[in-house]
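Let me begin by presenting the structure, written as structure tokens, before commenting on it.
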Amino acid sequence: MANVAVIGTQWGDEGKGKIVDLYAGKADVIARFHGGNNAGHTLVVKGRKTILHLIPSGILHDDKICIIGNGVVFDPSVFLQEINELQESNLLPPNTRLLISERAHLIMPYHRSIDQAREARTSGKKIGTTGRGIGPAYEDKVARTGIRVGDLYEENLFREKLRYNLEEKNFLLKNFYNDTPLHEDEIATQYLTFAQKIKSYVADTSLILDKEIRQGKKVLFEGAQGSHLDVDHGTYPYVTSSNTVSANASCGNGIGPNTINKVVGICKAYTTRVGEGPFPTELKDEIGNHMQRIGQEFGATTGRKRRCGWLDMVLVRHAVRISGINALAITKLDVLTGLEKLKICVGYNCSDNQMTHSTPASIKVLAECQPIYEEFDGWKEDILYAREMNELPTNAKKYLKRLEELAEAKIILVSVGSSREETIFLEDPFLSRTL
């Protein structure tokens, strides 16, 4: 049996939530390895929509272990809110264990304040953050001043770290951002209360995960955002604050890279982007509006309208390379239904150079790149009821075949609608060891 990592191949919002939910049914353990509640995974089960920001998408399945790994930045207030919502909706399975790594870093109130104040100050040069404190929390992690989940259970240590951090953060908030300083006692009381409420979930998740792997259990590593939001390999600085590539599935959960056997790249049948940054295939016309409207392209976390454009295979090939993707799951193919002509970007013309396998590191160069397109005939047939590839229209199959050729990775799943049932399964990723 293989352990599988699910990675976004674009700028996030590829439909990973549905795919993780589908694969979670086959897995024993679902482990989230980076990001925070800036990610939003939308699941539709029996016509009911559920949006998760922090808890792994596998939580809707019974008899699983769901892990929030050490690579995640953890906001306890969001976690408790999601738990409460799942309980009220009767969606929390009775036999599924939910665990939080004691080594995960906490998002503190000053992280959110600085995130929002910084974004408000950078008029005209906004990154487009969610304002949830993700970036500042990762900054403190790297600066070695972060507070971890486990620190909550050593009150003297927790208060010492909080006091030290607030001295700096309040100086910044008051004197640089002209914002309101925060109070130590209020934060300490709030977070020590959180500590008691989440205590039963906190564990050495690396040890638990290692034990499950040694016993031959199937593990699904759940990624958030997309490859081109990776802090090292994405369209910097318009990126997230963590590594979104498959290698971080190992580091962000405390297990060896040799335990990951298959990397499935999630690729939307067109391209979207939330927030700022260059977007070579963006469509600011009726076709782009069609994709946005039919695809319900609004950010699951912020509600912001997503920018839409033609499928960009330079992005996808770049993602395949940096994450070692060897299988693709195609999502939202149904959104393209009804368009007379379709285009796929197969390369860029950039400053006297033609690029086909990598996006330029320079944001200025990328913004000036012109997409090179191949054109395809569209289809008008309803594909929501297709469960086999031969049930798809001929033109849809041609589109997918060319996508697969350009990606140099095998398509193993095609999503033709938002619900679990509206899916074409071609291969079970847990039954093959490719790496």
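The values are calculated or read from the model by the stated rules, or taken from the named source; none is laboratory data. Everything quoted here is computed from the prediction, not taken from an experiment. In this analysis, Cβ positions are derived from the backbone assuming ideal geometry, glycine residues included, and neighbour counts consider all displayed protein chains.
Return a yes/no flag: does segment 95-110 have any residue that is part of a helix (DSSP H, G or I), at pLDDT 95 or above and either crowded, with 21+ Cβ neighbours inside 10 Å or among the hydroxyl-bearing types (Ser, Thr, Tyr) (or both).
yes
Across segment 306-323, which residue is surrounded by the fewest Cβ atoms within 10 Å (Cβ to Cβ) among those that are in a strand (DSSP E or B) and in contact with a Pro (Cβ under 9 Å, 6 or more places away or on another chain)?
In this case the residue turns out to be 309.
Just wondering, is there one or more residues in segment 383-399 that are at negative phi, part of a strand (DSSP E or B), polar (S, T, N, Q) and surrounded by fewer than 20 Cβ atoms within 10 Å (Cβ to Cβ)?
No, segment 383-399 contains no residue that is at negative phi, part of a strand (DSSP E or B), polar (S, T, N, Q) and surrounded by fewer than 20 Cβ atoms within 10 Å (Cβ to Cβ).
Against the conditions (1) outside any loop (DSSP other than H, G, I, E, B); (2) surrounded by fewer than 19 Cβ atoms within 10 Å (Cβ to Cβ); (3) out of contact with any His (no Cβ under 8 Å at 6 or more places or on another chain), where does residue 328 fall short? Just the number, please.
Result: residue 328 passes all but (2).
Which of (1) in contact with an Asp or Glu (Cβ under 9 Å, 6 or more places away or on another chain); (2) at pLDDT 95 or above; (3) surrounded by 14 or more Cβ atoms within 10 Å (Cβ to Cβ) is the odd one out, the single condition residue 135 does not satisfy?
Of (1) in contact with an Asp or Glu (Cβ under 9 Å, 6 or more places away or on another chain); (2) at pLDDT 95 or above; (3) surrounded by 14 or more Cβ atoms within 10 Å (Cβ to Cβ), only one is false for residue 135: (2).
Which of the residues that make up segment 397-415 are in contact with a helix residue (DSSP H, G or I) (Cβ under 7 Å, 6 or more places away or on another chain) and without any contact (Cβ under 8 Å) to a residue 40 or more places away in the chain?
The answer is 397, and nothing else.
Here are some residues: 275, 288, 303. Which one is outside any helix (DSSP H, G or I) and free of Cβ contacts under 8 Å to residues at least 24 places away in the same chain?
Exactly one residue qualifies, and that residue is 303.
Taking segment 260-272 as the search range and keeping residues that are part of a loop (DSSP other than H, G, I, E, B) and of a type outside the set (A, V, I, L, M), which one is surrounded by the most Cβ atoms within 10 Å (Cβ to Cβ)?
The selected residue is 270.
Among the residues of segment 230-237, is there at least one that is more than 18 Å from the chain's Cα centre (by Cα), assigned to a loop (DSSP other than H, G, I, E, B), buried (at least 20 other Cβ atoms within 10 Å of the Cβ) and in contact (Cβ under 8 Å) with a residue 24 or more places away in the chain?
no
Say whether the condition of being in the same structural domain as residue 238 (by TED's automatic domain parsing), closer than 29 Å to residue 22 by Cβ and modelled with pLDDT of 95 or more is met by at least one residue in segment 369-377.
Yes.
Do we find a residue being surrounded by 18 or more Cβ atoms within 10 Å (Cβ to Cβ), touching a helix residue (DSSP H, G or I) at 6+ places or on another chain (Cβ under 6 Å) and more than 26 Å from residue 298 (Cα to Cα) anywhere in segment 12-26?
Scanning segment 12-26, I find no residue that is surrounded by 18 or more Cβ atoms within 10 Å (Cβ to Cβ), touching a helix residue (DSSP H, G or I) at 6+ places or on another chain (Cβ under 6 Å) and more than 26 Å from residue 298 (Cα to Cα), so the answer is no.
Restricting to strands (runs of 3 or more DSSP E) lying wholly in segment 20-84: which have 2 or more residues that are farther than 19 Å from residue 101 by Cβ and in contact (Cβ under 8 Å) with a residue 40 or more places away in the chain?
41-45, 48-52
Being among the aliphatic types (A, V, I, L, M) and buried (at least 20 other Cβ atoms within 10 Å of the Cβ) is the filter; apply it to segment 274-292 and report the residue that is modelled with the lowest pLDDT.
Residue satisfying both the conditions and the ranking: 274.
Quick check on my filter: what residues within segment 174-184 are in contact with a Leu (Cβ under 7 Å, 6 or more places away or on another chain) and closer than 13 Å to residue 121 by Cα?
179
Within segment 331-376, can you find the residues that are surrounded by fewer than 19 Cβ atoms within 10 Å (Cβ to Cβ), closer than 20 Å to residue 402 by Cα and under 22 Å from the mean Cα position of the chain (by Cα)?
358
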